[in-house]
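Report on one structure; see the data block that follows.
Every number in this text was worked out from the coordinates using simple rules, so none of it is lab data. The structure displayed is predicted, hence computed values, not measured ones. Glycine gets a Cβ as well: all are built from the backbone with ideal geometry, and neighbour counts include every protein chain shown.
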Amino acid sequence: MKKYTDQGAKDTRSGFGAGLSELGKTNPNVVALCADLTGSLKMNAFADAHPERFYQVGIAEANMMGIAAGLTIGGKIPFTGTFANFSTGRVYDQIRQSIAYSGKNVKICASHSGLTLGEDGATHQILEDIGLMKMLPGMTVINTCDFNQTKAATIAIADYDGPVYLRFGRPKVANFTPADQKFEIGKALLLQEGTDVTIAATGHMVWKALEAAESLAAQGISAEVLNFHTIKPLDEEALLNSIRKTGALVSAEEHQMAGGLGESLAGVLARKHPAPQEFVAVNDSFGESGKPEELLEKYGLSSPAIVEAAKKVLKRK
């Protein structure tokens with residue numbers, strides 16, 4: 001199995017911007033809407049190149065979702081852009097009623113998710129968004145791990161017919177997936193094979209899962225690492241194939257334990273192959289202001305925390 005190396009830290013929001021810019025050149029039906037955060041969402045290149053296809057709606061996120069839903073009726077493929085908190089919590093009614101209920105082909109693109117928004121604090125650090133979005137019937141939920149994967153996912157969802165929630169972040173993180181890797185919605189990636197424990201991670205926690213696997217290997221524990229970039233539809237087959245081999249699971253995510261990837265995985269295990277599981281996630285808490293890495297450490301979202309969770313779940317096998 002290939003050993004992944006960091007090609008140089010980049011922010012995942014820039015991956016979104018790069019993907020959107022490429023779509024602007026190749027797909028004339030793609031339009032973009034932003035709620036006064038063009039620079040933060042890295043949508044400038046698209047806006048400059050295609051002003052006739054870019055809509056700056058201002059700080060009016062609910063209106064943005066309504067406009068996006070309407071644009072699909074004329075065959076357009078709207079990509080909305082704002083912070084994850086404002087992309088979900090602030091506009092949940094509009095998404096449910098105007099987009100999800102009628103299956104509108106809107107791509108809800110959400111930056112600055114999770115704790116790693118950092119200094120802006122708890123009011124902006126939404127940790128419930130995956131749960132909110134995955135509960136909506138017909139909504140596809142994607143949470144990418146690095147620049148390359150975010151760019152690939154942005155391009156891929158334009159060809160997918162139906163509503164999509166694409167979640168990414170603010171800080172520079174390890175960029176380790178191949179630049180030419182095809183993004184397949186609903187298909188988890190096996191990053192490292194192992195026999196003792198499965199680590200299923202999503203988003204920023206995928207790199208930390210690889211770091212944890214390396215640390216575990218040094219201690220004689222063989223960890224299999226899966227990248228669940230798509231949380232809905234969930235790749236149940238990938239999970240079950242791994243668990244049948246390892247017999248134990250650690251889930252890792254920058255999200256509340258309630259409603260996140262871990263709970264989706266637990267549901268599969270409960271229905272189809274019961275096995276012990278430990279969760280690395282925020283446990284029923286709001287965030288706070290601070291530097292991203294310090295917050296991840298404080299809230300237990302770190303490589304050492306994954307290592308400890310793996311050791312704990314192994315005792316339950």
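Could you calculate the FRET efficiency of S215 with S40 from 1/(1 + (r/R0)^6), where r is the beta carbon distance between them and R0 is 22 Å, rounded to 0.05? Please report the intermediate quantities before stating the final value.
Details: r = 34 Å, r/R0 = 1.56.
Plugging the Cβ-Cβ distance into 1/(1 + (r/R0)^6) gives 0.05.
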From the cross-link list K3/K182; K245/K311; K25/K151, which pairs have alpha carbons spaced over 23 Å apart? none
Aspartates and glutamates within cross-link reach of K272: Cα-Cα under 19 Å, excluding same-chain residues under 8 positions apart? D235, E236, E237, E263
By the scheme Lys and Arg +1, Asp and Glu -1, what is the net charge of all other residues having a beta-carbon under 9 Å from that of F168? +2
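Could you rank the peptides 27-36, 94-103 by their average count of other C-beta atoms within 10 Å per residue, with the highest value first?
Values: 27-36: 19.9, 94-103: 18.4.
Highest-to-lowest ranking by the protection proxy: 27-36, 94-103.
What are the trypsin sites (Lys or Arg not before Pro) within the range 3-37 that DSSP puts in a loop, where the Cβ has at most 11 other Cβ atoms within 10 Å? Before the final figure, lay out each step's value.
Numbers: sites: K3, K10, R13, K25; in loops: K3.
Hits after loop and neighbour filter: K3.
Can you order the peptides 120-127, 277-284, 212-219 by their average number of other Cβ atoms within 10 Å per residue, highest first? Don't skip to the answer; put the middle values down first.
Values: 120-127: 18.9, 277-284: 20.4, 212-219: 17.4.
Ranked by mean Cβ neighbours within 10 Å, highest first: 277-284, 120-127, 212-219.
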Histogram of C-alpha separations across the range 173-317, 10 Å bin width, %: 12, 45, 35, 8, 0
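Answer rounded, prolate or oblate for the range 10-173, using the Cα gyration tensor with square roots of eigenvalues a ≥ b ≥ c: rounded when a/c is under 1.5, else prolate when a/b is larger than b/c, else oblate. Numbers along the way, then the final one.
Details: a/c = 1.39, a/b = 1.08, b/c = 1.29.
Note, shape of the range 10-173 comes out rounded.
For the chain, give the magnitude of the charge dipole about the Cα centre (Cβ charges: +1 Lys/Arg, -1 Asp/Glu; no others), in debye to the nearest 20.
Working: 32 positive and 35 negative charges, 123 e Å.
Here the size comes out at about 580 debye.
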Work through the residues other than G89 whose Cβ is under 15 Å from its Cβ and net out their charges, Lys, Arg +1 and Asp, Glu -1. -1
Of the chymotrypsin sites (Phe, Trp or Tyr not before Pro) in the range 141-226, those whose Cβ has at most 16 other Cβ within 10 Å and which sit in DSSP loop: Y160
